[in-house]
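*Asks:* Once you've had a glance at the structure underneath, I'll fire off some questions.
The values are calculated or read from the model by the stated rules, or taken from the named source; none is laboratory data. This one's a predicted model, so the numbers in the text were calculated from it and none came from an experiment. Here the Cβ is made from the backbone with ideal geometry for all residues, glycine too, and neighbour counts use every protein chain on show.
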Amino acid sequence: MENNNGNIFMSFITGAAIGTGLGILFAPYKGSETREKIKHTVADTTHDISDRLKHAKDELTKTAHEKKEAFDKKLDETVSNLSYKAEDIINALETKLEDLKKKNAQLHK
């Protein structure tokens with residue numbers, strides 16, 4: 001079994017060496033030109049990724065701001081509605097208290 005693994009590894013190394021050799025022989029550009037193209041490609045890709053991340057950040061910030069504004073508006077509406085309801089409850093309790101005072105006054109007569 002070990003011999004088989006050794007053969008597979010040697011086959012892989014041999015294939016990689018042959019592929020590298022053929023790549024060098026048939027490369028359309030000199031090594032310096034290829035390295036320069038790779039460098040530009042990496043720079044362009046880095047710039048593109050940076051732009052995409054900035055755009056995603058801007059969109060996320062915009063969405064978060066919109067959601068915060070919507071939440072604040074809904075919270076204000078809820079507090080306002082509760083305030084009106086609290087006022088209605090207070091008025092009803094004051095009316096009930098007045099009624100109780102009148103009944104109490106009649107009982108004391």
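*Asks:* Any idea which of LYS57, LYS109 is basic (Lys, Arg) and modelled with pLDDT of 85 or more?
*Replies:* Of the residues listed, the single one that is basic (Lys, Arg) and modelled with pLDDT of 85 or more is LYS57.
*Asks:* Still on this model: Which of the residues belonging to segment 28-69 are surrounded by fewer than 10 Cβ atoms within 10 Å (Cβ to Cβ) and part of a loop (DSSP other than H, G, I, E, B)?
*Replies:* Selection gives PRO28, LYS30.
*Asks:* While we're on this one: What number of residues in segment 5-20 are surrounded by 10 or more Cβ atoms within 10 Å (Cβ to Cβ) and at pLDDT below 75?
*Replies:* Qualifying residue count for the region: 1.
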